[in-house]
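The values are calculated or read from the model by the stated rules, or taken from the named source; none is laboratory data. The structure presented is a predicted model; accordingly, all values stated were derived computationally and were not measured. Using ideal geometry, Cβ is built from the backbone for each residue, glycine included, and neighbour counts are taken over all protein chains shown. Side chains are part of the model used for accessible areas, which takes the heavy atoms of the whole protein and leaves out ligands, DNA and RNA. Shrake-Rupley method; radii C 1.70, N 1.55, O 1.52, S 1.80 Å.
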Amino acid sequence: MPSDLLKGFHLPFPLFDSHFHALHMEEKGIPVRELFSGITAGGLIGGIEVAVDEHDFSRRVSLSEQFPGIYLSAGIHPSNT
């Protein structure tokens, strides 16, 4: 996602995202750190990065450490059992 797509992005109110999959976004070619930098500057105050399996925990922790307000959930999606 080019950074110019977020140019001028601003929410009219603070927003907390209750469910997203950052690693899935990365797999689809979306630069998550760039995305989060832009949307937190635009009004996102936090969110929950939802796990679907037990893999990539260290990558998820790294993301949450870089962006205060990003919390991790633990879980395994039913289709991954």
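General remarks:
- Inter-residue pairs, beta-carbon under 7 Å, first in contact (Cβ under 8 Å) with a residue 12 or more places away in the chain and in the range 59-79, second open to solvent by 100 Å² or more (accessible area, probe 1.4 Å) and hydrophobic (A, V, I, L, M, F, W, C), 6+ apart: Gly69/Ile45
- Restricting attention to the range 23-79, the residues that are open to solvent by 60 Å² or more (accessible area, probe 1.4 Å) and over 30 Å from Pro12 (Cβ atoms) add up to 12.
- Candidates Glu65, Glu54, Glu26, filtered to the one that is touching a helix residue (DSSP H, G or I) at 6+ places or on another chain (Cβ under 6 Å), among the acidic types (Asp, Glu) and not in a strand (DSSP E or B): Glu26
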